[in-house]
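Below is one structure, written out as structure tokens, with a few remarks after it.
The values are calculated or read from the model by the stated rules, or taken from the named source; none is laboratory data. In this text the structure is predicted, and so the values were computed from the model without any measurement. Counting neighbours? That spans all protein chains shown, and the Cβs are built from the backbone with ideal geometry, glycine included.
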Amino acid sequence: MAAPVKLKPADAAAAGQPLLSVRNLTTQIATETGTVQAVRGISWDIYPGEILGIVGESGSGKSVSVSSLLKLHPSPPVTISGGPITFEGQNLLELSERRFRRIRGRQIAMIFQDPMTSFNPVKTIGNQISEAIRVHNRRISRRAARARAIELLGMVGVPRPMARYKQFPHEYSGGMRQRAMIAMAMANQPKLLIADEPTTALDVTIQAQVLEFLKLAQQETDAALILITHDLGLIAELADRVLVMYAGKIVESAPVRELFRNPRHPYTVSLLESLPRIDVETEHLATIPGSPPNLVYPPPGCAFHPRCFLSHQRERCRTEIPELVDLEVRGHTSACHFSHELDSESAPQEDDDGDTSAVTNGDGGTQHANTSADSEHGQEVDA
Ligand SMILES: Nc1ncnc2c1ncn2[C@@H]1O[C@H](COP(=O)(O)OP(=O)(O)O)[C@@H](O)[C@H]1O
Ligand code: SF4
Ligand SMILES: [Mg+2]
């Protein structure tokens, strides 16, 4: 019999069932100053073998949305509602803690930003990886688990893995600890890896190495990967598909190339413009004016309106919450009342003088030609 054909993620998304499906997830956190509406009704899917990037500024709800999936809740009290969250046919929100433990760490594994807080400081790295293997498979002997842990450490580029097996977390550098964390996450061949800002705490050169091993781990285990980051550069390098989050909601989603080629939400446009570009010499970097909202009191209407370059004098932005709707390209969605104004596909052509002509749309607003030099998108500030 011929070997089954392995689908590429984009094809898999088109053809198959999601591995994990989240519907209308809402997470609120009670604090002394009020209830933080950290995640406000988000729905998304991830397909087997796919790398899904979740991007957004700090505080946009990226971490809370995945910790809600795994019910990893620190105090203060957290309330999760909505759902279902379907993983391989079961609603994670309805599972008992005992059944959940069989999934967490085994079928869904997490890689955190700071592995120092994930490893137990008084146990050796090797022992912790061995334990992670044996806790889900008691039939594996200690000796076999040790051999597998050493193999995993070697696989993620930890030099002299046999000697390193016996060392404690504080004896590892930040980059090595992050590699060991990836090894531990791979230990049980999970179906889904979740990496939350996996390289944010590391130096740039170390970041690149850790990312290489993360990619390798994903390929090795054939797992789907959720990559959470505030760094669009990382997304461009690794992800197949992207969700952009703002103020606890998904504001845009698209296959990665489509998102970079034709962003259709002002927030995404602003994020892209704040990316440093190696092909353009510039003394100043554009940043998004203002700051993310306090989620105890999210702004009415579109939460991005106080910072949006398209919202000027538009009542609708301040009063009506935009729904996430499908755009023309399959898999591309945007939650903006005026997303059509950003469509570079239908943007006016440059005339002979190099000027772009603005076109008036039906709403009485002006359609922006989405050129990267359009200085109306964002504010110039000192880098
Ligand atoms: N333990 C917590 N207690 C109170 N508020 C929290 C807690 N964790 C997160 N939040 C709030 O929830 C919102 C979303 O946070 P988070 O998911 O951590 O953002 P991101 O990961 O995108 O930076 C933010 O407003 C943040 O301040
Ligand atoms: S709905 Fe209005 S405020 Fe929100 S992103 Fe679109 S134009 Fe900007
Ligand atoms: Mg976070």
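Given the criteria in a strand (DSSP E or B) and away from ligand 1 (no atom under 16 Å from the Cβ), does L259 qualify? Against the criterion (in a strand (DSSP E or B) and away from ligand 1 (no atom under 16 Å from the Cβ)), L259 does not qualify.
May I ask you to verify whether S43 is polar (S, T, N, Q), near ligand 1 (Cβ under 8 Å from one of its atoms) and surrounded by fewer than 23 Cβ atoms within 10 Å (Cβ to Cβ)?
Values: polar (S, T, N, Q): yes; near ligand 1 (Cβ under 8 Å from one of its atoms): no; surrounded by fewer than 23 Cβ atoms within 10 Å (Cβ to Cβ): yes.
So S43 fails the test.
Kindly indicate whether R40 is more than 22 Å from T199 (Cα to Cα), within 16 Å of ligand 2 (Cβ to nearest atom) and either in contact with a His (Cβ under 9 Å, 6 or more places away or on another chain) or not aromatic (F, W, Y) (or both).
Details: more than 22 Å from T199 (Cα to Cα): yes; within 16 Å of ligand 2 (Cβ to nearest atom): yes; either in contact with a His (Cβ under 9 Å, 6 or more places away or on another chain) or not aromatic (F, W, Y) (or both): yes.
Against the criterion (more than 22 Å from T199 (Cα to Cα), within 16 Å of ligand 2 (Cβ to nearest atom) and either in contact with a His (Cβ under 9 Å, 6 or more places away or on another chain) or not aromatic (F, W, Y) (or both)), R40 qualifies.
In summary, R99 fulfils each of the numbered conditions (1) in a helix (DSSP H, G or I); (2) buried (at least 18 other Cβ atoms within 10 Å of the Cβ) with the single exception of condition (2).
Among the numbered conditions (1) crowded, with 23+ Cβ neighbours inside 10 Å; (2) of a type outside the set (G, A, S); (3) in a helix (DSSP H, G or I), the only one that V242 does not meet is (3). Only residues that are in a helix (DSSP H, G or I) and within 17 Å of E252 (Cα to Cα) were counted across region 220-232, and they come to 1. Look at (1) more than 16 Å from the chain's Cα centre (by Cα); (2) farther than 17 Å from E252 by Cα and you find that G49 fails only one, number (1).
Counting only residues that are within 16 Å of ligand 1 (Cβ to nearest atom) and in contact with a Gly (Cβ under 6 Å, 6 or more places away or on another chain), how many does region 212-238 have?
Within region 212-238, the first condition is being within 16 Å of ligand 1 (Cβ to nearest atom), and the residues that meet it are 226-232, 234-235.
Applying the additional criterion that residues be in contact with a Gly (Cβ under 6 Å, 6 or more places away or on another chain) yields 227, 235.
Looking only at that region, the number is 2.
Considering the conditions (1) polar (S, T, N, Q); (2) closer than 25 Å to A236 by Cα; (3) within 15 Å of ligand 1 (Cβ to nearest atom); (4) modelled with pLDDT of 95 or more, S291 is excluded by exactly one of them, (4). Does Q128 meet the test of being assigned by TED's automatic domain parsing to the domain that holds L193, closer than 20 Å to S67 by Cβ and not aliphatic (A, V, I, L, M)? Judged against the criteria, Q128 is not a match.
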